[in-house]
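The structure follows.
The values are calculated or read from the model by the stated rules, or taken from the named source; none is laboratory data. These numbers were taken from a predicted model, which means no experiment stands behind them. Cβ placement follows ideal geometry from the backbone for every residue including glycine, while neighbour counts extend to all protein chains displayed.
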Amino acid sequence: MNDFHFYSPTWFEFGKEAERKAGELVKKFGGSKVLIHYGGGSVVRSGLLDRVKASLEAAGVGYVELGGVKPNPRSGLVYEGIELCRKEKVDFVLAVGGGSTIDSSKAIAAGVVYEGDFWDFYSGKYIEKALPVGTVLTIAAAGSEGSPDSVITNENGMFKRGATGDAIRPRFSILNPALTQTLPPYQTACGITDIMAHLYERYLTNTPEVEVTDRLIEALLMTMIHEGPRVIENPNNYEARANIMWAGMMAHNNSCGVGRSQDWNSHNIEHELSALYDCAHGAGLAVTMPAVFTYVMNHDVMRFAQVAVRVWGCSMDFQHPEVTAKAGIEALRRFLISIGMPKSFAELGAKEEDIPKLVDVLCNGDGRPGSISGFVTLNEEDCANIYRLMV
Ligand code: NZQ
Ligand code: ZN
């Protein structure tokens, strides 16, 4: 296991009607004037926004609001949010929504206290300082409620990049599984896929002897395989939703990723798809993961065979471990299709003729060195081959 530091100070308030504690928690973490940031309207329609406002009012906390965050959140609204916070002297950003709203909130929080362009953070600068952020989560997916990360699409070129810093880890996150019951099945499945990707991207490591985190990841993957179909069949299954919601947080706050090298090539390859075609991140990952895993499998066949046996229940072929490894990838692919995820480029709205453009932005955009690195370093030709496997 590698040396590591792990700092995860988020206060989690989990359970039914937990959103009613929003005001109390903002106060507890020092906020007196809040920016409530939200998306395209689901929180208005469900009545959640009104409940959050009532909670802030009851606690004597002032607020301004900014809605309109789109899935795959854009830089334009971040600039608008930064201006608004400065003008209104906001000292706390409260995200009410999914990963996109949380990521946009984190970007605003970092940008308000920074003199330069907030995009510097999405070009590699570590986030040292930010306004405090809190979240009321409405979808189990991105894990941003417990992560130090934010992903934003730059409208000037339509490419998607991540920023990181412990300063943007939420001070608190409110997780009420009942809030996710209004999600359409497709969006629920996208969330399940993203959570599984966060687990796989940590499982694919070059660090030896990481049994404790291997086993944690396996347990979380098995939970998703058990609970995913139950929630697709019955969207009102609170208990299944609760297990998925907490698994989503644990999958990405890095408690099961510490002390080991990680992959993230599937995420990087997918991010160009959701930036260019505006498909859902989870849907893009459903098509990307099997292709990437098939392409890099020979780098460590035994690791793929291990997840196949321990998680997917495949039998080990000791003579031909690659057969077992492939069976595990196929089991993942079939599972994702069974919960309603797409299986090809065309289903994502992606076009084969765009592959050179995707590869160029992926490998060279924003100062990248002509390749992406992770479990395996992939050059432009590798990435083009992987995109072709998805067609
Ligand atoms: O915008 P509204 O109207 O709220 O609708 C949203 C949106 O259309 C809807 N939705 C959310 N909760 C709902 C609901 N509809 C009905 N009922 C509810 N309870 O779902 C749609 C998708 O929302 P979004 O926030 O985009 O989903 P998700 O949480 O999957 O976030 C995806 C974004 O997170 C990034 C992705 O790249 C993508 O941009 N990621 C962020 C990470 C991080 N910060 O750590 C890591 C991830 O790997 C990921 O890259
Ligand atoms: Zn993700």
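Report the residue count in the range 177-191 for those that are closer than 16 Å to A240 by Cβ, within 7 Å of ligand 1 (Cβ to nearest atom) and crowded, with 18+ Cβ neighbours inside 10 Å.
So the answer is 5.
Still on this structure: How many residues does the range 198-222 hold that are away from ligand 2 (no atom under 12 Å from the Cβ), assigned to a helix (DSSP H, G or I) and out of contact with any helix residue (DSSP H, G or I) (no Cβ under 6 Å at 6 or more places or on another chain)?
8
Still on this model: When you go through R310, R303 one by one, which is the residue that is touching a residue at least 60 places away in the same chain (Cβ under 8 Å), in contact with a Ser or Thr (Cβ under 8 Å, 6 or more places away or on another chain) and of a type in the set (D, E, K, R)?
R303
What about A247, is it more than 30 Å from G349 (Cβ to Cβ), assigned by TED's automatic domain parsing to the domain that holds I225, in a helix (DSSP H, G or I) and among the aliphatic types (A, V, I, L, M)?
no
Mind counting the residues in the range 48-87 that are under 27 Å from G162 (Cα atoms) and away from ligand 2 (no atom under 16 Å from the Cβ)?
21
Restricting attention to the range 26-48, report how many residues are in a loop (DSSP other than H, G, I, E, B) and not hydrophobic (A, V, I, L, M, F, W, C).
8
Here's another thing I want to ask about it. Among I225, I195, I174, which is crowded, with 21+ Cβ neighbours inside 10 Å, of a type in the set (V, I, T) and assigned to a helix (DSSP H, G or I)?
Sole residue among the options that is crowded, with 21+ Cβ neighbours inside 10 Å, of a type in the set (V, I, T) and assigned to a helix (DSSP H, G or I): I195.
Among the residues of the range 65-92 satisfying the criterion of being within 28 Å of E272 (Cα to Cα) and among the β-branched types (V, I, T), which is nearest to ligand 1 (Cβ to nearest atom)?
V69
Name the strands (runs of 3 or more DSSP E) wholly within the range 52-142 that hold at least 1 residues that are more than 18 Å from the chain's Cα centre (by Cα)?
62-66, 92-97
In addition: State the number of residues belonging to the range 177-187 that are in a helix (DSSP H, G or I) and among the aliphatic types (A, V, I, L, M).
2
For the structure I just gave you, tell me whether G23 is closer than 23 Å to G146 by Cβ, assigned to a loop (DSSP other than H, G, I, E, B) and more than 14 Å from ligand 1 (Cβ to nearest atom).
Judged against the criteria, G23 is not a match.
If V231 satisfies every condition in (1) under 18 Å from the mean Cα position of the chain (by Cα); (2) surrounded by 24 or more Cβ atoms within 10 Å (Cβ to Cβ); (3) away from ligand 2 (no atom under 16 Å from the Cβ) but one, which is the exception?
Against the list (1) under 18 Å from the mean Cα position of the chain (by Cα); (2) surrounded by 24 or more Cβ atoms within 10 Å (Cβ to Cβ); (3) away from ligand 2 (no atom under 16 Å from the Cβ), V231 comes up short only on (1).
Does any residue in the range 353-364 that is polar (S, T, N, Q) come within less than 8 Å, Cβ to Cβ, of a residue that is not in a helix (DSSP H, G or I) six or more places away or on a different chain, and which pairs are these?
Within 8 Å, the pairs are N364/G370.
Can I ask one more? Run V90 past the list (1) surrounded by fewer than 22 Cβ atoms within 10 Å (Cβ to Cβ); (2) closer than 19 Å to A167 by Cα; (3) in contact with a strand residue (DSSP E or B) (Cβ under 7 Å, 6 or more places away or on another chain) and report the number of the one that doesn't hold.
Exception for V90: condition (1).
Out of K70, K53, K87, I need the residue that is at pLDDT 95 or above, closer than 11 Å to Y38 by Cα and either out of contact with any helix residue (DSSP H, G or I) (no Cβ under 6 Å at 6 or more places or on another chain) or of a type outside the set (G, A, S) (or both). Which one?
Result: K70 is the single residue among K70, K53, K87 that is at pLDDT 95 or above, closer than 11 Å to Y38 by Cα and either out of contact with any helix residue (DSSP H, G or I) (no Cβ under 6 Å at 6 or more places or on another chain) or of a type outside the set (G, A, S) (or both).
Yes or no, residue by residue, for (1) away from ligand 2 (no atom under 16 Å from the Cβ); (2) at pLDDT 95 or above; (3) among the polar types (S, T, N, Q):
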| site | (1), (2), (3) |
| --- | --- |
| F121 | yes, yes, no |
| I127 | yes, yes, no |
| L131 | yes, yes, no |
| T138 | yes, yes, yes |
| A142 | no, yes, no |
| E145 | no, yes, no |
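With respect to the numbered conditions (1) among the hydrophobic types (A, V, I, L, M, F, W, C); (2) closer than 23 Å to C279 by Cβ; (3) more than 14 Å from ligand 1 (Cβ to nearest atom); (4) crowded, with 21+ Cβ neighbours inside 10 Å, which one is the sole condition not fulfilled by C256?
Just one mismatch for C256, condition (2).
Under 6 Å by Cβ, and 6 or more places apart or on different chains, what pairs join a residue from the range 100-116 that is closer than 24 Å to Q187 by Cβ with one that is at pLDDT below 95 and part of a helix (DSSP H, G or I)?
Short answer, once both residue conditions are applied: none.
Can I ask one more? So for the range 23-32 (the condition being touching a Leu at 6+ places or on another chain (Cβ under 9 Å), farther than 23 Å from W246 by Cα and surrounded by 17 or more Cβ atoms within 10 Å (Cβ to Cβ)), does at least one residue qualify?
yes
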